[in-house]
Amino acid sequence: TPSETAGHIGAEGVYISSESSWYPDVPESLSTFDLLVAVPEGWTVVTQGKAGESRPCPTGLCRDRKMVMTDWVVTQPSEALTLVANTFVTAFRDWTAKTGQKIRLSTYLFPEDANLSDEYLDATARYLDAYIPLLGSYPFDKFAVVENFFASGLGMPSFTLLGSGIIKRHYVQPYALGHEIVHSWIGNDVFNRAERGNWVEGLTTYLANYYWHELMGDRAQAQEQRRLMVQSYNLHVPLERDYPVAQFTQKLDEHDNAIGYQKSAMAFHLLRQEVGEEIFWRAIKSLVARYHGKHAEWRDLERVFAEESSQNLRWFFAQWMEQDGAPVLSFSEAIARPVAGSPHAFQLETTIVQSSEPFRLPLQLRIRMEGDREQTLTVPLRSSREAVSVTLPARPITIDLDPQFMAFRRIQRQSLSPVLNHYVTDRRRSVVTAFTDEPGHPSPFRDVVARIETQEQQKPVNERTAVVSLAQDGLLPQEGSVLILGGSESRSRIQSILANHCGDRMSLSDRGVTVMGTPYEGPGLALLVSCHRVDRPGSVVTVLYAASPQAVAKVARLLFFYGWNSYVLFKDGAVTARGEWPFATDRMEVRLDAGNLNR
């Protein structure tokens, strides 16, 4: 991986980055480059800038074998120079954006993946057409998708280097190819001194991983991305490990990702709500224009947004970037009273409480009323107790706090939607084996156990996941989250556990599984489901159940890719259904004030 090498030249490929010091450099400098590269015939070089015509290498320079030489010129100042080479199949498309800008799009793929070229070229054009209006002219003359011989997902000026396994998985999603294309502006044109605070990943995550769904009009997926950002922070960042966004430099683990990518992205979402739609996007484009080819830091972002909005935003950047934590929000109560003289109107009164240091933020509330009516309002929070009073056209029944995840807040683990990542992030974990190995044929469930044990070899023994067999009475380990692995031979005991912790949301039978009242049948079925452990708040019971060994084998390898769903149903290895159980404490019943019923 990139973290394991700064340079490699071999038969499988060439990768040399600035960390290998293959060219003279000055720390924190921005440089242009002239480069002359010779490679064996059949090999192709890719780097930044523009390539000249390839030509045979003079004998006096390349004495050992036939070599081809290429000149590269990088006229746009850059922090670093990365060079790759391999036996690529190349494809080019001279493309014109809707704005009229001409850009050469290209792919450099291995022969077995050359058929994917059009898919990657089409996706590149799609993203460029979306982001050029938002960010300004694309900063380079070309963009290339380049296949790598080891696992990587890197964005360099004018190209991205993607591992072969990623290329084969059609890596054209917004969080993938889209993310690397946005880095063309944010990180590869406007530079970041990461050691002074890395704002680049948060803004790129917001623009690509999140905002793409808004651009496409997919409001449901946009809301899902906001939920994931909030949930990631709450699961991966316990109070004692929290730190300010401005202190994030690079991602070493999911804990850093939750702060430097997810919380930072949500901070930009809150900034957008604070300054307004038009000003936010004008400031983003102004940031890119002002710092084209320059370094920018958090204080520079604050200056740009303050000037464009004509607001003093010191409090915002101090609150969201320079201090750790997030607000802890709840209702104290919610009371409805009939409005005198109006036959159907009610006055709803509630108080929103911040039990932590109070934050300033807008908070969305959704009120459900009789007659299937609802109303949404946004309350500006400023203090530890915020009184809310609103007149409604019908009697209110319930009130939801932040139903669309527009805010960023800290939520107790037992109140979040239970997912596999609850198990992953619990300090105490057990794998409960409810399967049997056939003589000479280990169960495919054994692969899951082996993978967990391998990943934890570097941990102290007392911090590793315990592996135990499912007891005949079905009792679970006393502490922590539990991952139960089993099939039809243990169906009745697993069903008893599911009934205890999941209620009637799902059930197992000799014919298949039933999820939220919908039955699924067949030997190819596998079910991954997580529910809060009723006897241990904050922990979960997660079950991976399969109707047959074949169904397990097709799911086991990718099990932890499904960490953010409460349930995932697979059929012959493909996802058939998935979803999340709702947050537990977001809704409050509205109490009717009995003393005011007589009008």
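Loop-located trypsin sites (Lys or Arg not before Pro) in segment 45-110 (DSSP state not H, G, I, E or B) with no more than 10 neighbouring Cβ atoms inside 10 Å: R63, R65. In percent, rounded to a whole number, the relative contact order of the chain is 9, using alpha-carbon pairs under 8 Å and six or more apart. When only alpha carbons are used to place a centre, segment 355-373 and segment 417-442 end up 38 Å from one another.
Treating r as the C-beta distance of V26 and S415 and R0 as 45 Å, the FRET efficiency rounds to 0.30. Site pair D129 and E277 shows an inter-label distance of 2.2 nm when each label is modelled 7 Å from Cα along Cα→Cβ.
Computed from phi, the 3J(HN,Hα) profile of segment 205-216 under the Karplus parametrisation 6.51, -1.76, 1.60 (θ = phi - 60°) reads 4, 5, 6, 9, 4, 9, 5, 3, 5, 5, 4, 7 Hz, with x in place of Gly and Pro. Spacing of the modelled spin labels on Q550 and Q247, each 7 Å from Cα toward Cβ, amounts to 5.4 nm.
Pairs of C-alpha atoms in segment 441-599 farther apart than 22 Å represent 47 percent of all such pairs. Dividing the Cα radius of gyration of segment 93-187 by 2.2 N^0.38 Å, with N the residue count, gives 1.00. Starting from the coordinates of the alpha-carbon atoms of segment 459-541, obtain the Kirkwood hydrodynamic radius over all distinct pairs and give the value in Å to one decimal. Taking the inverse mean of 1/r over all distinct Cα pairs, segment 459-541 comes out at 14.0 Å. First measure r as the distance between the Cβ atoms of K102 and Q455, then evaluate 1/(1 + (r/R0)^6) with R0 = 56 Å and state the FRET efficiency to the nearest 0.05. With R0 = 56 Å, the Cβ-Cβ based efficiency is 0.75. Maximal additional length on extending the D122-S389 stretch stands at 91.0 nm, based on 0.36 nm per residue less the C-alpha distance. Taking amide H as placed 1.01 Å from N in the peptide plane, the amide H of V190 sits under 5 Å from that of G293, each at least 5 places away or on another chain. When Rg and Dmax are taken over the Cα atoms of segment 1-67, they come to 14.0, 38 Å. Under a straight-distance cross-link criterion of Cα-Cα below 23 Å, which lysines are reachable from K554, leaving out those fewer than 8 residues away in the same chain? Answer for K554, where 23 Å is the Cα cut-off: K168, K571, listed by chain and number. Per-atom-type breakdown for the chain gives carbon and sulfur 49% of the accessible area (1.4 Å probe, protein chains only).
In this structure, the amide hydrogen of K142, modeled 1.01 Å from its nitrogen in the peptide plane, lies closer than 5 angstrom to those of R104, counting only residues at least 5 positions away or on a different chain.
The lysines whose alpha-carbon is closer than 21 Å to the alpha-carbon of K263, local same-chain residues fewer than 8 away aside, are K251.
Quick check on segment 195-286: take the gyration tensor over C-alpha atoms, sort the square-rooted eigenvalues as a ≥ b ≥ c, and tell me if it's rounded (a/c under 1.5), prolate or oblate. In terms of gyration-tensor shape, oblate. If R0 is 22 Å, the Cβ-Cβ spacing of K50 and D94 corresponds to a FRET efficiency of close to 0.95.
Going by a ≥ b ≥ c, the root eigenvalues of the Cα gyration tensor, does segment 336-410 fall in the rounded group (a/c under 1.5), the prolate group (a/b larger than b/c) or the oblate group? Since a/c reaches 1.5 and a/b is larger than b/c, the shape of segment 336-410 is classed as prolate.
Within straight-line reach of K102, meaning a Cα separation under 18 Å, sit the following lysines at least 8 residues removed in sequence or on another chain: K50, K142.
Amide H contacts under 5 Å for T398: R368, V590, restricted to partners 5 or more places along the chain or on a different chain, H placed in the peptide plane at 1.01 Å from N. Of all DSSP beta bridges confined to the chain, the antiparallel ones make up roughly 75%. Multiplying each eigenvalue of the alpha-carbon gyration tensor of segment 41-148 by 5 and taking the square root yields semi-axes of 29, 18, 11 Å, largest first, rounded to whole angstroms. Scalar couplings 3J(HN,Hα) for segment 99-109, obtained by applying the Karplus form with A = 6.51, B = -1.76, C = 1.60 to θ = phi - 60°, are 7, x, 6, 9, 9, 8, 9, 8, 10, 10, 10 Hz; x denotes Gly and Pro.
Dipole magnitude for the chain: computed about the Cα centre from +1 point charges on Lys and Arg Cβ and -1 point charges on Asp and Glu Cβ, it is near 900 debye. Candidate membrane-span-like segments in the chain, meaning DSSP H helices with Cα atoms spread over at least 24 Å of their own axis and a Kyte-Doolittle mean of -0.5 or above, are 117-135, with no membrane implied. The simple spin-label model puts a point 7 Å past each Cα toward its Cβ; for E297 and Q478 those points are separated by 5.2 nm. Kirkwood hydrodynamic radius, segment 158-227, all distinct C-alpha pairs: what's the number in Å? For segment 158-227, the Kirkwood estimate is 13.1 Å. Here the 3J(HN,Hα) profile of segment 564-574, calculated from phi with Karplus coefficients 6.51, -1.76 and 1.60 at θ = phi - 60°, is 10, 10, 6, 8, 9, 10, 10, 10, 6, x, 9 Hz, Gly and Pro shown as x. Here segment 357-509 yields Rg over Rh of 1.14, to two decimals, using C-alpha coordinates and the Kirkwood radius. Here the chain is treated as a Stokes sphere of Kirkwood radius computed over C-alpha pairs; at 10 °C and 1.306 mPa s its diffusion coefficient rounds to 58 µm²/s.
The values are calculated or read from the model by the stated rules, or taken from the named source; none is laboratory data. Because the structure is a prediction, the values reported are computed rather than measured. Positions of Cβ are generated from backbone atoms using ideal geometry, with glycine treated the same way; all protein chains shown enter the neighbour counts. These area figures cover heavy atoms from the full protein model, side chains too; ligands, DNA and RNA do not enter into them. Shrake-Rupley method; radii C 1.70, N 1.55, O 1.52, S 1.80 Å.
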